[in-house]
C-alpha cells in the first residue's frame, strides 16, 4: 500500500500586512482531496500546518507528498500573496529527499501564477485550479511513471519545456466527494464569523463560484463559474457532520449563497430538518426579506453582505451591482428574522475620497444595533481588473505578483494619502466581526480617518 501525506502551510506566523483571518479553519480543500483517492490502495494521512508540525512527524517512508498552499478553501479567494511559508515547507521536504525519492504534488491558488516557480523549486506536479477531478488519476499515473500530457491543468517541468501553458479547471460539483472529517481529529477549528460562541466550527459548501464581475475580486481567475451541489448530497453530508461529528454550527463558504432561487427553494426545507445553525455569504442584489425569513426558519443565524461603500459612483466603477436603496430594508429584515447581518467594507476603492468614506461611516451610524461589520483594504490580486488598472496607472509592474502588492492596497485610481503604520493599527482593531454598537461606530468614525495623512 502506497503512503501519501497531505499537508498545508501555516498561517499563524504570517506577515502582519496580510488581512485574512489567522484563526484555524477546517482544511476543506484537503478534506475533499483525500476522499478522491482509493483508501484501499493508499494509506493517507494529514499534517495540519506543516510549517509548525512537520519536524515532529516521521515522514521518511512516504511515497507521495501533496501540499496545499493555503490552510482552507475559504482562503482561495484572498490568499496570502507571499511564498515564504510555502518555500519553508518545500525546503523541509527537499531535505527528506536525500534519504528517499518521492513524488511531490502541489495545488492551491498560488499555482495559477507560480507554477513555473514551483517546478523550479523541485515540485514534480503542479495542479492549476480546483484539484478534485484530476488528483486521483494524477497520483496513480505519477506513481506508475505514466505520461501526464493529457491533463490541461497539470504542469510538469517536462511539459513546460515543450511550451505548455495550463488552463485552470473548475470542476463539476456533482462529482466532488464528501469531505473527510476524520482527518480533523481533535482540532478545535474556528466557527468562522459566527455571532455566537461555539466550541468548534465546520466548513462546507453548497455551491461554488460567483457569477458577478467585481473588479477587485480574485474569483476572476479561477472561481467565476457558478455551480451547485445536489441537495441530496448536501443532506447526507450535513447529517454526518451533525450526528457523527457533533457539528453545532456550519459556515457555508459559498461565494454567492442563494443565487439560484429554484435550487434554494429545494435546499432550505432540507436544512430545516437538520438540527444545526449555519452562516453564509450572500449578495444584496438577489436577497429578499422573504428569502431571509425562510433561511432563518431553516437555521441561518448569520449572513454576510459585501456593502463595500455607500457610494453609487464608486460601486459602478468597480462593477459592484449593489442597490443601495435596499440595504437598510435587508438589514432590518435580517435582524427581524433573527439573522445577524455582517457588512463587508472596502476602504480605498477607485474613486474613494474622504467625503465618500464619511458618507459610508455616517450610514453605518443610522442602522439598528445587532449588525456587524468587517473592514478591509482592496488588494490588487494578479489577473484581476483592479490589478490591470494598477498597471495602466503605472504603479504595478507587469508580472508583479508577490507580497509587495500589499503596499499598493487602496492606492489605485484615487488620491488618498495613506499612513501605513496607522493602517495596520486600524486593521488590527477593526478586522472581522465587529459589532455595530453605537460605541463601536463612534470609535470607528474617528479611527478610520487616522489612516490618512
Most packed first (mean Cβ within 10 Å per residue), the peptides 178-189, 290-301, 267-278 order as 290-301, 267-278, 178-189
So what is log10(I(q)/I(0)) for segment 2-161 at q = 0.09, 0.14 1/Å, when the Debye sum runs over its Cα atoms only?
-0.26, -0.65
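Cα gyration tensor of segment 312-453, axes a ≥ b ≥ c as square roots of the eigenvalues: rounded (a/c below 1.5), prolate (a/b > b/c) or oblate? Numbers along the way, then the final one.
Numbers: a/c = 2.09, a/b = 1.62, b/c = 1.29.
Prolate is the answer for segment 312-453, as a/c is 1.5 or above and a/b outweighs b/c.
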Could you tell me how far the Cα centroid of segment 240-290 sits from the Cα centroid of segment 338-359, in Å?
26 Å
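Mind jotting down a quarter of the surface of the convex hull over the alpha carbons of segment 236-321, in square nanometres, one decimal?
Values: hull surface 24.5 nm².
The directionally averaged projection comes out at 6.1 nm².
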Taking Cα atoms only, helix 327-337 is inclined relative to the longest principal axis of the chain by an angle, in degrees rounded to 10, of 80 degrees
Show that you can apply the helix-only estimate: for the chain, add -39,500 (n - 2.57) for every DSSP H stretch of four or more residues, divide by all residues, and state [θ] at 222 nm to the nearest 500.
-9000 deg cm²/dmol
Can you tell me which of 359-367, 115-123 comes out highest on packing, and rank the rest after it, using the mean Cβ neighbours within 10 Å?
115-123, 359-367
So for the chain, averaging the separation of alpha carbon pairs under 8 Å that are six or more residues apart and normalising by length, what relative contact order in percent results?
12 percent
With Cα extents along the principal axes in Å as the read-out, I listed (i) 69, 48, 39; (ii) 137, 48, 39; (iii) 63, 54, 38; which label goes with the value calculated from this structure?
(iii)
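Could you tell me what percent of the DSSP beta bridges with both partners in the chain are antiparallel, to the nearest 5?
Working: 7 of 49 bridges.
Around 15 percent of the beta bridges assigned by DSSP in the chain are antiparallel ones.
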Segment 136-193-segment 293-336 distance, computed between alpha-carbon centres (Å)
35 Å
Give me the log10 of I(q) over I(0) for segment 191-451 at q = 0.13, 0.16 Å⁻¹, as the Debye formula computes it from C-alpha points; what are the numbers?
-0.88, -1.26
Can you pull the Kirkwood radius for segment 389-453, inverse mean 1/r over Cα pairs, to one decimal in Å?
13.7 Å
I need the peptides 149-161, 77-89 ranked by packing, meaning the mean over residues of other C-beta atoms within 10 angstrom, with the highest value on top.
77-89, 149-161
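Rule-based calculations on the coordinates, nothing more; no lab input. Computed from a predicted model, the values in this text were never measured in an experiment. Every residue, glycine among them, receives a Cβ derived from its backbone with ideal geometry; neighbour counts consider all protein chains shown.
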